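S.K.: Here's a structure for you.
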Amino acid sequence: MELGREFSVTRRRAGDAAVVVPEGEIDLATIDQLQNALDAAAGTGVTEVLLDLRSVTFIDSAGVRLMLEAMRTLPSFGVVPGGPEVNRVFKLVGLEERVRIVDHPPDE
Amino acid sequence: MSGRVAAVGVAAAAAAATARSWRRLRADRQRYALIRGAALIVDSGGTTAEVIQRFRALLVPAFADECEITVGAGDHDPGATLAVPLRSRGRTIGTMALRGPSRSDREFAVLLGGRIALALENAQLESREDWLTTALGTLAEAVTIQDHNGALVYANSAAAGALGFASAEELLATPPQAIIDAYESFNEDGSPLRLEQLPARRLMAGESPGPLVVRAIHRSTGEERWRIVKATAVPGRRLAVNVIEDVTDVKRAELSQRFLAEVATVLASSLDYERTLAQIAELTVPRLADFCAVALPDVDRLRTVAVAHADPAKLRFARDYQQRYPTPLSAATGSARVLREGVSQLIDGITDELLEQAVPDPAQRAAVRGLGMRAAMIVPMLARGRAIGVITMVSAESGRRFAQGDLELAEELGRRAGTAVENARLYRERSHIAAALQRGLLPDELPDIPGLRLASLYRPAGEENLVGGDFYDAFATPTGWVLLVGDVTGRGADAASQTGQARHTLRTAGILLGDPHAALAQLNLALRERREQAPCTVALVHVSGRSAHVLCAGHPRPLLIRDGAARTVGHFGPMLGAWPDSTWRTDRVDLVEGDVLVLYTDGVTDTRGDLERFGDARLLEALRGVATAAEAVAAVDVALTAFQRGPQADDTAILALDLPPLGA
């Protein structure tokens, strides 16, 4: 299998929260797509924006930067942690201790 | 007595016989005249009605009182004394009814009937030929028939029109050589067309020629036409039928497509736009023009950057002309105006009056005449709607005129060339900036540190990316040496300036404060002050004597290779520029002789291979057994090069140090 170049983002409403679900690799090539989805989710008047990283296979510094930006600007930004690769990066840069971790979205 | 009577009788009989003979002779002469007259009528041709009219005039009253000739089956005069069928080639085609001659004339009447039938049949054949000729005349395809000498025996009006004649008659009245000489004709591959290559000629020479594609330029009008010529032999006659199809529109469209495809290839081949423009000029000659010049504005004039001409002597002449008479940007007409207004110009039929108007200087005008210009197209090179240069295409020797389709093609060429030049320029400027910035991001050379050996590797991401990203540095502080690698997110000018800031803040703070932790804290605050989120990661080693202090700020931990085995050293810490209250843990490593310490950025582990990324495990494996800093750097480089698939997405930086064994 080719390295996952496929990337998609979906978003949904779960009560007062917007859940953004990226699938694939978050890097320079896909970051704009994810940024747009987060901006759109935040614009719907929700009180909470959740980024569900469970289907993310890779995240680089561009993704980290986006996370920092989201923590600073979005209402009650939280992250549903992903697999070992995402967790490794979170640990590496210190996000692990700083970002609000949500075990699962409210509608699950 | 009887003898005399007999003699008289004989004499009388002889006299009577003589009289009969005379009569018969007279009748024979008459019949001979009739037969001869009939033969003349047969040979003279004419329509059916004319044939009938002439035969009646011949036979009445010389042979009959009345004569009725009917074509086809029909009733004839019931009072006729003789009725004979008109037969030709075993077929009855009509009847002749006569009043006057006796039955004994029947044999002769049948003989006459045969002649009449033949004449009538010829008349009908001729009328069929007329009908066919009329049909051919209405065809859109040009049709000509030529004999074995090459002379035209027939041409329809389409053929006349295609060859530039007002009528078929005018065409047929023109000698074949004159028809040929009116055009300059070429084969599809551009070679001059030879007469013996024409299908009709080859047919007459006993060959079986296929269709021939011919490009013909009318010598006096300059009009260019593309034709397909097919020839077929007429069985039993030494004639060839030519069908000439005009495929100019189809051929032009095809050539335009092919031309633009080649243009696209050339434009994509290089970012050196002056070379590219020279190639573009070469491409247009001789297909689109005899002479092509590309000019770009340069201060107050148009500077010719590329010239192409089919004839090397003329090329020199054209170059000299461009140098001697550069076009000022303020010129009211011509290329300067095209550049100003961004609208193309087609000048058809360049006359002396036109030249006098456009080129007031007599010497210059004489030079222009030397170019033998007949028609010209000047098109702007457009980039984002703005003219950034002009392409001039001139028709001279070929004598061809430019059609609307040619101008459209030239305009398209101008658009594409304009975009390519603009992109190449932007790239060139960007490369300059990138190179300048890059020099600011990396140390000119690694310092000599007593008792330590350093090695580094920097693999910038693909050329299409701007600088930014990774950096490394090594410098002395009052308390020891600092070695570091770092990575800022993002690309472009912002990232580059941030990288510069990171490197210089760490260096200044490190040297002034002598404390690596304080340097990280300083950079953390400095980055927080930036308007944009500007996180940055750093791995830092402070070497003092034999002890190394390791700090990581959001960065992969350094690797220590001791006795051939690699392991990570240090602890993860928060990245810089994210949180104001961050602190970093300092881990101390006591170095021994032969130790190798490797600092690297995540460009190494994130490198893409066929199935996955390079990752930590492959890095540890690559470093297994290395004994020096140089070996470590080389080993990673080799492993990455072998592993990598596709373009490099991210910068990669490696900085290694080793503690040489004593005596090494």
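S.K.: So, for the range B:90-142, what is the accessible surface per residue at a probe of 1.4 Å, expressed in square angstrom?
M.R.: Counting only protein heavy atoms, the per-residue value for the range B:90-142 is 57 Å².
S.K.: Just subtract the alpha-carbon distance of residue B:511 and residue B:111 from 0.36 nm times their residue separation and send over the number in nm, one decimal.
M.R.: 130.5 nm
S.K.: Per residue, how much accessible surface does the range B:303-387 expose to a 1.4 Å probe? Answer in Å², no decimals.
M.R.: I get 55 Å² per residue for the range B:303-387.
S.K.: Using a Förster distance of 60 Å, how high is the FRET efficiency between residue B:532 and residue B:662, based on the Cβ-Cβ distance and rounded to 0.05?
M.R.: Given R0 = 60 Å and the Cβ-Cβ separation, E is 0.75.
S.K.: If B:22, B:579 are ordered by their accessible area, calculated over protein heavy atoms with a 1.4 Å probe, which sequence runs from highest to lowest?
M.R.: Sorted by accessible area, descending: B:22, B:579.
S.K.: Tell me, what is the 1.4 Å probe accessible area of residue B:614, in Å² to the nearest 10?
M.R.: Looks like 10 Å² after rounding.
S.K.: Still on this structure, I have one more. Please report, in debye to the nearest 20, how large the charge dipole of the range B:534-664 is about its Cα centre when each Lys and Arg carries +1 at its beta carbon and each Asp and Glu carries -1 there.
M.R.: For this selection, approximately 160 debye.
S.K.: On to the next question. Please determine, in degrees from 0 to 90 and to the nearest 10, the orientation of helix B:629-643 with respect to the longest principal axis defined by the Cα atoms of chain B, where the helix direction is its Cα long axis.
M.R.: That helix lies at roughly 30 degrees to the long axis.
S.K.: Moving to a separate point now. How do B:515, B:658 rank by accessible surface area computed with a 1.4 Å probe, from largest to smallest?
M.R.: B:515, B:658
S.K.: Related question: On a C-alpha basis, how far is the centre of the range B:351-413 from the centre of the range B:87-117 in Å? Whole number, if you could?
M.R.: Using only Cα atoms, the two centres lie 78 Å from each other.
S.K.: How much of residue B:561 can a 1.4 Å solvent probe reach, expressed as accessible area in Å² and rounded to 10?
M.R.: Its accessible surface works out to 0 Å², give or take rounding.
S.K.: Something else: Can you send over the carbon and sulfur percentage of the accessible area for the range B:318-440, probe radius 1.4 Å, protein chains only?
M.R.: Using a 1.4 Å probe with all protein chains present, the range B:318-440 comes out at 52 percent carbon and sulfur.
S.K.: Hey, with R₀ at 51 Å, roughly what FRET efficiency would residue B:269 and residue B:127 work out to, going by the Cβ-Cβ distance, to 0.05?
M.R.: Once the sixth-power term is evaluated, E becomes 0.15.
S.K.: Determine the dipole magnitude for the protein assembly as shown: charges of +1 sit on the beta-carbon of Lys and Arg, -1 on that of Asp and Glu, nothing else is charged, the reference point is the Cα centre, and the result goes in debye to the nearest 20.
M.R.: Charge dipole, the protein assembly as shown, about its Cα centre: 4260 debye, nearest 20.
S.K.: Residues of chain A: accessible area per residue at 1.4 Å, in Å²?
M.R.: Heavy-atom accessible area per residue stands at 47 Å².
S.K.: To continue, here is another question. Between residue B:343 and residue A:16, what FRET efficiency follows from the Cβ-Cβ distance if R0 is 56 Å, with the result rounded to 0.05?
M.R.: 0.40
S.K.: Over the heavy atoms of residue B:589, what accessible area does a 1.4 Å probe trace out, to the nearest 10 Å²?
M.R.: Spelled out: residue B:589, probe radius 1.4 Å, area about 20 Å².
S.K.: Which residues, if any, in the range A:49-95 lose at least 30 square angstrom of accessible heavy-atom surface (probe 1.4 Å) when the other protein chains sit next to their chain rather than the chain being alone?
M.R.: Buried-area filter returns A:58, A:61, A:65, A:68, A:72, A:88, A:91, A:92, A:93.
S.K.: Sum -39500 (n - 2.57) across every DSSP H segment of at least 4 residues in chain B, then divide by the residue count to get the 222 nm mean residue ellipticity, nearest 500.
M.R.: Only helices count here, giving -14000 deg cm²/dmol.
S.K.: Subtracting the Cα-Cα distance from 0.36 nm times the residue separation, let me have the gained length for residue B:311 to residue B:620 in nm, one decimal.
M.R.: My answer for the length gained is 104.7 nm.
S.K.: How far is the Cα center of the range B:152-223 from the Cα center of the range B:521-536, in Å?
M.R.: If you average the Cα positions of each part, the centres end up 80 Å apart.
S.K.: Another one. So for the pair residue A:107, residue B:103, with labels modelled 7 Å out along Cα→Cβ, what separation do we get in nm?
M.R.: Distance between the two pseudo-spin positions: 12.0 nm.
S.K.: Short version: which residues of the range B:546-572 lose at least 40 Å² of accessible area, all chains versus chain alone, 1.4 Å probe?
M.R.: Those residues are B:572.
S.K.: Continuing with this model, one more query. Below 8 Å, C-alpha to C-alpha, sequence gap of six or more: please give me the relative contact order for chain B in percent.
M.R.: 7
S.K.: At a 1.4 Å probe, what is the % contribution of carbon and sulfur to the accessible area of the range B:19-97?
M.R.: Carbon and sulfur atoms account for 52 percent of the accessible area of the range B:19-97.
S.K.: Also: Which angle between 0 and 90 degrees, to the nearest 10, do you get for helix B:248-269 versus the longest principal axis of chain B when only C-alpha atoms count?
M.R.: 20
S.K.: In terms of the Cα gyration tensor, with a ≥ b ≥ c the square roots of its eigenvalues, is the range B:165-213 rounded because a/c is under 1.5, prolate because a/b exceeds b/c, or oblate?
M.R.: oblate
S.K.: Residue B:369 label point, 7 Å along Cα→Cβ, cut-off 19 Å on backbone N: hits in the range B:295-336?
M.R.: So the set is B:314, B:317-318, B:321-322, B:325.
S.K.: I would also like to ask the following. Which one of B:366, B:489, B:90 has its Cα pushed farthest toward the positive end of the charge dipole of chain B, where Lys and Arg give +1 and Asp and Glu give -1 at the Cβ?
M.R.: B:90
S.K.: Could you state how much accessible area is buried at the B-A interface, both sides summed, with a 1.4 Å probe, in Å² to the nearest 100?
M.R.: Adding both sides of the contact gives about 2300 Å².
S.K.: Measure off 7 Å from each Cα along the Cα-to-Cβ vector at residue B:261 and residue B:66, then give the distance between these two points in nanometres to one decimal.
M.R.: For residue B:261 paired with residue B:66, the spin-label model returns 8.0 nm.
S.K.: So how strong a dipole does the range B:43-160 carry about its Cα centre when Lys and Arg Cβ are +1 and Asp and Glu Cβ are -1, to the nearest 20 debye?
M.R.: Approximately 360 debye in magnitude.
The values are calculated or read from the model by the stated rules, or taken from the named source; none is laboratory data. Predicted model only: the values in this text are computed from it and were never measured. So basically every Cβ, Gly included, is an ideal-geometry build from the backbone, and we count neighbours across all protein chains shown. Protein only, heavy atoms only, side chains kept; ligands, DNA and RNA dropped before computing areas. Shrake-Rupley method; radii C 1.70, N 1.55, O 1.52, S 1.80 Å.
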